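The values are calculated or read from the model by the stated rules, or taken from the named source; none is laboratory data. Bear in mind that the values here come from a model prediction, so they are computed numbers and not experimental data. Every residue, glycine as well, gets a Cβ built from its backbone with ideal geometry; the counts of neighbours run over all protein chains shown. We work out accessible area using only protein heavy atoms, side chains counted, and drop any ligands, DNA or RNA first. Shrake-Rupley method; radii C 1.70, N 1.55, O 1.52, S 1.80 Å.
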Amino acid sequence: MKVIPLRLAGASVIEPIVHGDQRGFFMESYNQQVMQDEGITHTFIQDNQSLSADAGVIRGLHYQLNPKAQTKLIRVLTGAIYDVILDIRISSPTFGQWMSVILSEYNHRQLLVPKGFAHGFCTLVPNTQVLYKVDEYYSPLHDRGILWNDPTLSIDWPTSKAILSEKDKQQPLLKDAEINFN
Ligand SMILES: Cc1cn([C@H]2C[C@H](O)[C@@H](COP(=O)(O)OP(=O)(O)O[C@H]3O[C@H](C)C(=O)[C@H](O)[C@H]3O)O2)c(=O)[nH]c1=O
């Protein structure tokens, strides 16, 4: 497994070892000991899965407030996503900065998103299934979001049609969002 630190401190791309043969492939999509050996010591306690039926579905930008903030380990089972993370750690030198990574069933890449980041993705193909591990349970009371097309962020989402939940259509701008990350 290869861990590639990203320019937003704490975030990494993880590239698992893929064993291909004439049947297809096998990979250990998650191995706690291997992760710990790479310094990724989170204890993930919940697995999530979403299916997006169409390309252009945008889910996010979401986060949970402290003390229920979540580290997320994201991968794509089928399809492909343009995954976006936004640094919302108030004292971070990269506060308000975002970056994107393509995760797909073909590149097998995973994205480690630390606490203190808002997360979202845009599907690139129909029937995209995203799996992700989190190290804190879902807490609706602590669930927050930031508007996907906040003009101060100028996230260049790869879609002109943005299929959104009603909740995500009404998320606050970053300047109005409730944030409690140092
Ligand atoms: C996140 C979550 C949601 N739910 C319920 C709440 C709603 O009734 C339903 C759909 O939730 P939501 O619309 O928030 O799902 P997404 O828009 O896919 O949001 C997720 O995808 C973005 C990209 C993220 O990074 C977040 O982790 C997560 O919020 O599932 C649960 O029961 N447990 C959970 O852990």
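Being under 12 Å from the mean Cα position of the chain (by Cα) and more than 10 Å from the ligand (Cβ to nearest atom), is that true of even one residue in the stretch 55-70?
no
Within the stretch 51-69, count every residue that is in a strand (DSSP E or B) and either charged (D, E, K, R) or over 14 Å from residue 134 (Cα atoms) (or both).
The first filter runs over the stretch 51-69 and keeps only residues in a strand (DSSP E or B), leaving 51-52, 57-64.
Subset that is either charged (D, E, K, R) or over 14 Å from residue 134 (Cα atoms) (or both): 51-52, 57-61.
So the answer is 7.
Identify, please: which residue in the stretch 142-161 is touching a helix residue (DSSP H, G or I) at 6+ places or on another chain (Cβ under 9 Å) and either open to solvent by 50 Å² or more (accessible area, probe 1.4 Å) or of a type outside the set (D, E, K, R) (or both) and is, among those, nearest to residue 67 (Cα to Cα)?
145
Given (1) surrounded by 15 or more Cβ atoms within 10 Å (Cβ to Cβ); (2) touching a strand residue (DSSP E or B) at 6+ places or on another chain (Cβ under 7 Å), where does residue 42 come up short, assuming only one miss?
Here residue 42 meets the rest and fails (2).
Go through 85, 81, 58 for me and flag whichever is among the β-branched types (Val, Ile, Thr), touching a His at 6+ places or on another chain (Cβ under 8 Å) and at pLDDT 95 or above. So that I can check it myself, show each step before the final result.
Numbers: 81 fails: touching a His at 6+ places or on another chain (Cβ under 8 Å); 58 fails: touching a His at 6+ places or on another chain (Cβ under 8 Å).
So the residue among 85, 81, 58 that is among the β-branched types (Val, Ile, Thr), touching a His at 6+ places or on another chain (Cβ under 8 Å) and at pLDDT 95 or above is 85.
Could you check how many residues of the stretch 105-141 are outside any strand (DSSP E or B) and either open to solvent by less than 10 Å² (accessible area, probe 1.4 Å) or away from the ligand (no atom under 11 Å from the Cβ) (or both)? Step through it out loud before you land on a result.
Step one: list which residues in the stretch 105-141 are outside any strand (DSSP E or B), which gives 105-109, 114-116, 124-127, 135-141.
Next, only the ones that are either open to solvent by less than 10 Å² (accessible area, probe 1.4 Å) or away from the ligand (no atom under 11 Å from the Cβ) (or both) stay: 105-109, 114-116, 124-127, 135, 141.
Qualifying residue count, the stretch 105-141: 14.
Which ones in the stretch 160-175 are modelled with pLDDT of 95 or more and either in a loop (DSSP other than H, G, I, E, B) or near the ligand (Cβ under 10 Å from one of its atoms) (or both)? Explain how you work it out, then say what you get.
Pass one, the stretch 160-175, residues modelled with pLDDT of 95 or more: 162-175.
Residues satisfying the conditions are 162, 164, 165, 166, 167, 168, 170, 171, 172, 173.
Looking at the stretch 1-17, which of its residues are open to solvent by 60 Å² or more (accessible area, probe 1.4 Å) and either under 11 Å from residue 108 (Cα atoms) or free of Cβ contacts under 8 Å to residues at least 12 places away in the same chain (or both)?
If the condition is that a residue be open to solvent by 60 Å² or more (accessible area, probe 1.4 Å) and either under 11 Å from residue 108 (Cα atoms) or free of Cβ contacts under 8 Å to residues at least 12 places away in the same chain (or both), then 5, 17 are the ones that fit.
For the stretch 77-96, enumerate the residues that are in a strand (DSSP E or B), more than 12 Å from the ligand (Cβ to nearest atom) and more than 12 Å from residue 118 (Cα to Cα). Don't jump to the end; show me each part of the working.
Of the stretch 77-96, the ones in a strand (DSSP E or B) are 77-78, 80-87.
Within this subset, residues satisfying the condition of being more than 12 Å from the ligand (Cβ to nearest atom) are 77-78, 80, 87.
77, 78, 80, listed by residue number.
Somewhere in the stretch 26-40, is a residue more than 20 Å from residue 155 (Cβ to Cβ), aromatic (Phe, Trp, Tyr), in contact (Cβ under 8 Å) with a residue 24 or more places away in the chain and more than 14 Å from the ligand (Cβ to nearest atom)? Write out each step before concluding.
Going through the stretch 26-40, the residues more than 20 Å from residue 155 (Cβ to Cβ) turn out to be 26-40.
Narrowing the set further to residues that are aromatic (Phe, Trp, Tyr) leaves 26, 30.
Narrowing the set further to residues that are in contact (Cβ under 8 Å) with a residue 24 or more places away in the chain leaves 30.
Then keep just the ones that are more than 14 Å from the ligand (Cβ to nearest atom); that gives 30.
Yes: the stretch 26-40 contains one or more residues that are more than 20 Å from residue 155 (Cβ to Cβ), aromatic (Phe, Trp, Tyr), in contact (Cβ under 8 Å) with a residue 24 or more places away in the chain and more than 14 Å from the ligand (Cβ to nearest atom).
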